[in-house]
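Colleague: Dropping a structure here in structure tokens format, bear with me for questions.
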There are 2 protein chains.
Amino acid sequence: MNSDIILKAVDKNREWAISKLNEYLKIPSVSAQNSGIKESVAFLQRTFTEIGLDVKICEAGGSPVVFASKNVGGNKTILFYNHYDVQPPEPLDEWLSPPFEPTIRDGKIFARGVSDNKANLITRIAAVKTFKDVNTNPSVNIKFVVEGEEEVGSEHLPNFTMQYRNLLDTDLCIWESASKDEVGRPQIILGCKGMVHGELVAKGANTDLHSSRAVIIPNPAWRVVWALATIKDKNENILIKGFYDDAVIPDENEKKLLEEIPFEEDKLRKNLGLSSFVNNLSGFDLKHRFFYSPTFTINGFTGGYQGKGSKTVLPKIATAKFDIRLVPNMQPDDIVKKLRKHLDENGFADIEIADVKGYPPARTPYNNPYVRIIAETGKEVWQKEMVVYPSTPASGPMYLFSKIAPCIGLGVGHAQSNSHAPNESVYIEDFYIGTKHIANILAKMGG
Amino acid sequence: MNSDIILKAVDKNREWAISKLNEYLKIPSVSAQNSGIKESVAFLQRTFTEIGLDVKICEAGGSPVVFASKNVGGNKTILFYNHYDVQPPEPLDEWLSPPFEPTIRDGKIFARGVSDNKANLITRIAAVKTFKDVNTNPSVNIKFVVEGEEEVGSEHLPNFTMQYRNLLDTDLCIWESASKDEVGRPQIILGCKGMVHGELVAKGANTDLHSSRAVIIPNPAWRVVWALATIKDKNENILIKGFYDDAVIPDENEKKLLEEIPFEEDKLRKNLGLSSFVNNLSGFDLKHRFFYSPTFTINGFTGGYQGKGSKTVLPKIATAKFDIRLVPNMQPDDIVKKLRKHLDENGFADIEIADVKGYPPARTPYNNPYVRIIAETGKEVWQKEMVVYPSTPASGPMYLFSKIAPCIGLGVGHAQSNSHAPNESVYIEDFYIGTKHIANILAKMGG
């Protein structure tokens, strides 16, 4: 399909797109505060219907998932994954304009959730509408999945993908978001890390005690410290047997992609007030670690006295909250099993691994043919090369969809978009170009 | 001096003593809540005056120290150290009778502070009064020091002992408290452990971060764990170079004393729900460790997320609160210096040792001649052998007075006195016999 007509139609659609975005941004859909759920679902149902899609509101135990689709009789199908929930706007006094009153300054539109990821969903919706406006169809069948719990851990999304598996067949999944990178090049993101989080729990006496007793009564805080110290050494090597066994190692082509990725390490280091990164890494090695290494992180300790000043107490219980970020092809269950074995073999059978939750990593191979299509259609509208990121260093439920089809992250944020922070923004021009990119994909993906 | 007359006079004084104790126990002198300070000082001033002592209210920066004395022209002087403050009574709903309404049940008097250590002070006051009642003088000059900040760390007591050093010369200091032991034998306590407490502080980035960054950003929680793991191994050996150098080792006679001390280890272990004590110790070795070993105790962790559930955060700061209990002849400054050196030499120069406070241990040699006098005068009134404890496993400001004279702990508590806990009590009969013991010492100590 020649996409010129479509791209011109996107231009005509600007006013509609920006007014839809404004309407959407005004809904305070904060999942952590259980706010704006119904309004979001109603808005999406109305909007998808308006652009000619069939809508199904899917219940899977939590906030409803909005499913919308149009079968144009194409040989291929594209599925867009987005979420209608946003992060809490707090701290409110750091916003220059109210978080749910979208405001334009310096060519950017500011509002909570605009970058993560309401603007992205509107680019996709506006692109689909464009085909309706010019009385044609995209080259592919279209599906949308918009969930409402991403910012609180997508707890019911596995239920959804099981219960509604028959709706979800697709050839390509476009993931929720991406940004321009630090030097202004639009990203293509091929994956995200997996996750295991939980707590190591050690128990001592059945009551807190005067610390004079510590001379003979076991101290669970020491048990946790000793156990943790066997897990990672001070050179950041994770010592669990077999931990790295399945961790993918980048091939030469992937290393080349990695070299392409800008990483302003000095700026980052100075902004964070650090004298160095872990193991004094820099350059390629630092980037390599950032995107390709799994982690074992202590998120916090709980146990004993945590207030001001001193209290000479012997705690009865101590826990360390941890998360483990997984790279392909590490599996959460396998890692938890190896951690359990490690603790047992090192004399810490008494330490419980509690509250474990997790999900696997996901990554689409850089040589998947859709990566090329997306890069080429993108270059045409952005007028510059897109940059392929093997992964974000963060985690997400992409694995649920990557079992069905390759997943690729796209979006219209920028390096200072402040997702999850006050004064979140996207450039309006990026929003329009991103819409063209989606329209271009829809025109050309079917071949 | 023949003490028979005095001991009979103590019997005649019972009603006065118990009514004084009641009056004293009704004052809610909770230093942590800044309550009852003035009333306590007034009560003590009135009571010391009533028994013929000169009183001086000493200001040294905190709650006043009550000093009372009588020079009888003796060759020797005895000084009694006590404190008028008590622990907070909370949790109130666990008291069978209100904590500041002394109540008699089963031959015991229940009230907050009765064991720690109001009854002990009244035994001493009642003993002195007895000499006045029979128009004679003790064989020794008498001094009392009663401070009001013991339960909150005796912060101003070092100031007091410096400012008022000229008042404090003595030949023997009777320390605040002791109890009957678990098999009902009255204790003589010869010392207490010293103390260093503080925090290990590690700093990372200048802000908490999303834990996906932990792959390249140093995590202060790991720094604290690694540092702690170099300080004590899982066999409870403290690995700081020279830590044990000055720690006294008991001689054969002291070991014999230690064998004499009852220690119901199975009962203690079961009460605390433990399968074993540290290093599976039992019998003599367990007791030896309890009384003669220094400790390094983690009192609590602070850093990262400590609430319910998970938060995948990378903390900017992590601290471990610790206390170190010192045995003779370890010195706090020396131990802190060795800890600093240990951290530096093990690659943890970045870890700060903050909020350090401490004081040395104190111990009177078991063969000090006053120990014999106290044991003999005690046996006469208790009608059984007293048991000599080299130390309590707890800490206290005894060192300030042990620089002046030998210090020996005596008191009328019992093994279930519940000091620092609800339903604190002493046996009334022990209170009377304890008074006789003090009277007997005052009659005979001068020779």
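The values are calculated or read from the model by the stated rules, or taken from the named source; none is laboratory data. All of these numbers come straight from a predicted model, not from anything done at the bench. A quick note on method: Cβ atoms are made from the backbone with ideal geometry, for glycine too, and the neighbour counts reach across all protein chains shown. The accessibility values were calculated without ligands, DNA or RNA, using every heavy atom of the protein model including side chains. Shrake-Rupley method; radii C 1.70, N 1.55, O 1.52, S 1.80 Å.
Colleague: Run down B:Glu254, B:Glu236 and say which single residue is over 27 Å from B:Lys316 (Cα atoms) and not assigned by TED's automatic domain parsing to the domain that holds B:Ala318.
Modeller: Values: B:Glu236 fails: not assigned by TED's automatic domain parsing to the domain that holds B:Ala318.
Result of the check over B:Glu254, B:Glu236: B:Glu254.
Colleague: Being outside any strand (DSSP E or B) and either modelled with pLDDT of 95 or more or open to solvent by less than 10 Å² (accessible area, probe 1.4 Å) (or both) is the filter here; which residues of the stretch A:403-413 pass it? Steps first, please.
Modeller: First pass over the stretch A:403-413, keeping only residues outside any strand (DSSP E or B): A:403-406, A:410-412.
Matches in the stretch A:403-413: A:Ile404, A:Ala405, A:Pro406, A:Leu410, A:Gly411, A:Val412.
Colleague: If you go through the stretch A:300-330 one residue at a time, how many are part of a loop (DSSP other than H, G, I, E, B), at positive phi and in contact (Cβ under 8 Å) with a residue 40 or more places away in the chain?
Modeller: Selection size over the stretch A:300-330: 0.
Colleague: Now for a separate question. Counting just the residues of the stretch A:351-383 that are open to solvent by 80 Å² or more (accessible area, probe 1.4 Å) and in a loop (DSSP other than H, G, I, E, B), which one comes out farthest from A:Tyr427 (Cα to Cα)?
Modeller: A:Asn367
Colleague: Of all residues in the stretch A:230-241, how many are in contact with a His (Cβ under 9 Å, 6 or more places away or on another chain) and open to solvent by less than 20 Å² (accessible area, probe 1.4 Å)?
Modeller: Total satisfying the criteria: 2.
Colleague: How about the stretch A:197-217: which of its residues are modelled with pLDDT under 90 and within 25 Å of A:Ile298 (Cα to Cα)?
Modeller: Passing the criteria: only A:Asp208.
Colleague: Also, I was wondering about something else. Residues of the stretch B:192-225 being at the interface with another protein chain (Cβ under 7 Å from one of its Cβ atoms) and touching a helix residue (DSSP H, G or I) at 6+ places or on another chain (Cβ under 6 Å), which ones?
Modeller: Across the stretch B:192-225, the qualifying residues are B:Val215, B:Ile216, B:Pro218, B:Val225.
Colleague: Sticking with this one: Identify all residues within the stretch B:14-33 that are in contact with a helix residue (DSSP H, G or I) (Cβ under 8 Å, 6 or more places away or on another chain) and open to solvent by 10 Å² or more (accessible area, probe 1.4 Å); write none if there are none.
Modeller: B:Arg14, B:Trp16, B:Ile18, B:Lys20, B:Glu23, B:Ile27, B:Ser31, B:Ala32
Colleague: Ok, one more. What are the pairs, 6+ residues apart or on separate chains, where a residue within the stretch A:240-251 that is modelled with pLDDT of 95 or more has its Cβ under 6 Å from a residue that is open to solvent by 50 Å² or more (accessible area, probe 1.4 Å)?
Modeller: Pairs found: A:Asp246/A:Asn329.
Colleague: Being of a type in the set (S, T, N, Q) and surrounded by fewer than 22 Cβ atoms within 10 Å (Cβ to Cβ) is the filter here, so list the residues in the stretch B:162-212 that pass it.
Modeller: So in the stretch B:162-212, the residues of a type in the set (S, T, N, Q) come out as B:163, B:166, B:170, B:177, B:179, B:187, B:206-207, B:211-212.
The answer is B:Gln163, B:Asn166, B:Asn206, B:Thr207.
Colleague: Among the residues of the stretch B:109-136, what is the count of those that are outside any helix (DSSP H, G or I) and surrounded by fewer than 21 Cβ atoms within 10 Å (Cβ to Cβ)?
Modeller: So in the stretch B:109-136, the residues outside any helix (DSSP H, G or I) come out as B:109-113, B:134-136.
Next cut, surrounded by fewer than 21 Cβ atoms within 10 Å (Cβ to Cβ) only: B:134-136.
Of the residues in the stretch B:109-136, 3 are outside any helix (DSSP H, G or I) and surrounded by fewer than 21 Cβ atoms within 10 Å (Cβ to Cβ).
Colleague: Looking only at the stretch B:83-108, which residues are in contact with a helix residue (DSSP H, G or I) (Cβ under 9 Å, 6 or more places away or on another chain), in contact (Cβ under 8 Å) with a residue 24 or more places away in the chain and either surrounded by fewer than 24 Cβ atoms within 10 Å (Cβ to Cβ) or in a loop (DSSP other than H, G, I, E, B) (or both)? Quick ask: steps written out before the conclusion?
Modeller: Taking the stretch B:83-108 and keeping what is in contact with a helix residue (DSSP H, G or I) (Cβ under 9 Å, 6 or more places away or on another chain), we get B:83-88, B:98-102, B:104, B:107-108.
Of the ones still in play, those that are also in contact (Cβ under 8 Å) with a residue 24 or more places away in the chain are B:83-88, B:99-102, B:104, B:107-108.
Of everything in the stretch B:83-108, those that are in contact with a helix residue (DSSP H, G or I) (Cβ under 9 Å, 6 or more places away or on another chain), in contact (Cβ under 8 Å) with a residue 24 or more places away in the chain and either surrounded by fewer than 24 Cβ atoms within 10 Å (Cβ to Cβ) or in a loop (DSSP other than H, G, I, E, B) (or both) turn out to be B:Tyr84, B:Asp85, B:Gln87, B:Pro88, B:Pro99, B:Phe100, B:Glu101, B:Pro102, B:Ile104, B:Gly107, B:Lys108.
Colleague: Considering only the stretch A:43-62, I want to know if a residue exists there that is assigned to a loop (DSSP other than H, G, I, E, B), touching a residue at least 40 places away in the same chain (Cβ under 8 Å) and surrounded by 24 or more Cβ atoms within 10 Å (Cβ to Cβ).
Modeller: Residues of the stretch A:43-62 that are assigned to a loop (DSSP other than H, G, I, E, B), as a first pass: A:51-53, A:59-62.
Narrowing further to those that are touching a residue at least 40 places away in the same chain (Cβ under 8 Å): A:51-53, A:60-62.
Remaining after also requiring surrounded by 24 or more Cβ atoms within 10 Å (Cβ to Cβ): none.
No, the stretch A:43-62 has no match at all.
Colleague: Also, I was wondering about something else. Taking the stretch A:285-315 as the region of interest, how many residues are in contact with a helix residue (DSSP H, G or I) (Cβ under 7 Å, 6 or more places away or on another chain) and farther than 30 Å from A:Glu264 by Cβ?
Modeller: The total comes to 7.
Colleague: Does A:Lys8 satisfy the criteria of being under 25 Å from A:Ile408 (Cβ atoms) and of a type in the set (Lys, Arg)? Lay out the reasoning, then the answer.
Modeller: Details: under 25 Å from A:Ile408 (Cβ atoms): no; of a type in the set (Lys, Arg): yes.
When the stated conditions are applied, A:Lys8 does not pass them.
Colleague: Sort through A:Ser417, A:Ser425, A:Ser395 and tell me the only one that's surrounded by 22 or more Cβ atoms within 10 Å (Cβ to Cβ), touching a Cys at 6+ places or on another chain (Cβ under 8 Å) and either of a type in the set (D, E, K, R) or within 22 Å of A:Glu182 (Cα to Cα) (or both).
Modeller: On the way: A:Ser417 fails: touching a Cys at 6+ places or on another chain (Cβ under 8 Å); A:Ser425 fails: touching a Cys at 6+ places or on another chain (Cβ under 8 Å).
So the residue among A:Ser417, A:Ser425, A:Ser395 that is surrounded by 22 or more Cβ atoms within 10 Å (Cβ to Cβ), touching a Cys at 6+ places or on another chain (Cβ under 8 Å) and either of a type in the set (D, E, K, R) or within 22 Å of A:Glu182 (Cα to Cα) (or both) is A:Ser395.
Colleague: Mind counting the residues in the stretch A:428-447 that are outside any loop (DSSP other than H, G, I, E, B) and open to solvent by 20 Å² or more (accessible area, probe 1.4 Å)?
Modeller: Our first condition is that a residue be outside any loop (DSSP other than H, G, I, E, B); within the stretch A:428-447, this holds for A:428-444.
With the extra rule that they be open to solvent by 20 Å² or more (accessible area, probe 1.4 Å), the set shrinks to A:428-429, A:432-433, A:436, A:444.
Of the residues in the stretch A:428-447, 6 are outside any loop (DSSP other than H, G, I, E, B) and open to solvent by 20 Å² or more (accessible area, probe 1.4 Å).
Colleague: Say we look at the stretch B:275-320 and pick out the residues that are within 20 Å of B:Phe243 (Cα to Cα) and within 7 Å of chain A (Cβ to nearest Cβ); which of these is surrounded by the most Cβ atoms within 10 Å (Cβ to Cβ)?
Modeller: B:Ile298
Colleague: For A:Asn253, are the conditions met, namely being open to solvent by 10 Å² or more (accessible area, probe 1.4 Å), in a helix (DSSP H, G or I) and over 30 Å from B:Phe348 (Cα atoms)? Write out each step before concluding.
Modeller: Numbers: open to solvent by 10 Å² or more (accessible area, probe 1.4 Å): yes; in a helix (DSSP H, G or I): yes; over 30 Å from B:Phe348 (Cα atoms): yes.
Here the answer is yes, as A:Asn253 does meet what is asked.
Colleague: Right, another one. Considering each of A:Ser69, A:Ser31 in turn, give the residue that is closer than 23 Å to A:Leu442 by Cβ, small (Gly, Ala, Ser) and in the same structural domain as A:Ile428 (by TED's automatic domain parsing). Lay out the reasoning, then the answer.
Modeller: On the way: A:Ser31 fails: closer than 23 Å to A:Leu442 by Cβ.
Unique residue meeting the criteria: A:Ser69.
Colleague: Would you say B:Gly36 is surrounded by fewer than 20 Cβ atoms within 10 Å (Cβ to Cβ), out of contact with any Cys (no Cβ under 6 Å at 6 or more places or on another chain) and of a type in the set (Gly, Ala, Ser)?
Modeller: So B:Gly36 does not fit the description; no.
Colleague: How many of the residues in the stretch A:6-46 are within 11 Å of A:Thr435 (Cβ to Cβ) and in contact with a Pro (Cβ under 8 Å, 6 or more places away or on another chain)?
Modeller: Of the residues in that region, 1 qualify.
Colleague: Output the number of the condition that B:Lys341 fails; it satisfies all remaining conditions of (1) modelled with pLDDT under 95; (2) open to solvent by 40 Å² or more (accessible area, probe 1.4 Å).
Modeller: Checking B:Lys341 against (1) modelled with pLDDT under 95; (2) open to solvent by 40 Å² or more (accessible area, probe 1.4 Å), the one that fails is (1).
Colleague: Moving on to the next point. Which residue is nearest to B:Trp226 (Cα to Cα), if the candidates are limited to the stretch A:226-255 and must be within 7 Å of another protein chain (Cβ to nearest Cβ) and of a type outside the set (D, E, K, R)? If you could, list the steps in order and put the result at the bottom.
Modeller: In the first step, residues of the stretch A:226-255 are kept if they are within 7 Å of another protein chain (Cβ to nearest Cβ); the result is A:226, A:228-229, A:232, A:234.
From what is left, the residues that are of a type outside the set (D, E, K, R) are A:226, A:228-229.
Details: A:Trp226: 9, A:Leu228: 8, A:Ala229: 6 Å.
Filtering the stretch A:226-255 for residues that are within 7 Å of another protein chain (Cβ to nearest Cβ) and of a type outside the set (D, E, K, R), the one nearest to B:Trp226 (Cα to Cα) comes out as A:Ala229.
Colleague: Within the stretch B:19-42, is there a residue that is part of a strand (DSSP E or B) and not small (Gly, Ala, Ser)?
Modeller: As a first pass, look at the stretch B:19-42 and keep what is part of a strand (DSSP E or B): B:30.
Remaining after also requiring not small (Gly, Ala, Ser): B:30.
Scanning the stretch B:19-42, I find at least one residue that is part of a strand (DSSP E or B) and not small (Gly, Ala, Ser), so the answer is yes.
Colleague: Mind checking which residues of the stretch B:371-411 are among the aromatic types (Phe, Trp, Tyr) and under 23 Å from B:His83 (Cα atoms)? Walk me through how you get there before you give the answer.
Modeller: Filtering the stretch B:371-411 down to residues among the aromatic types (Phe, Trp, Tyr) leaves B:382, B:389, B:399, B:401.
If the condition is that a residue be among the aromatic types (Phe, Trp, Tyr) and under 23 Å from B:His83 (Cα atoms), then B:Tyr389, B:Tyr399, B:Phe401 are the ones that fit.
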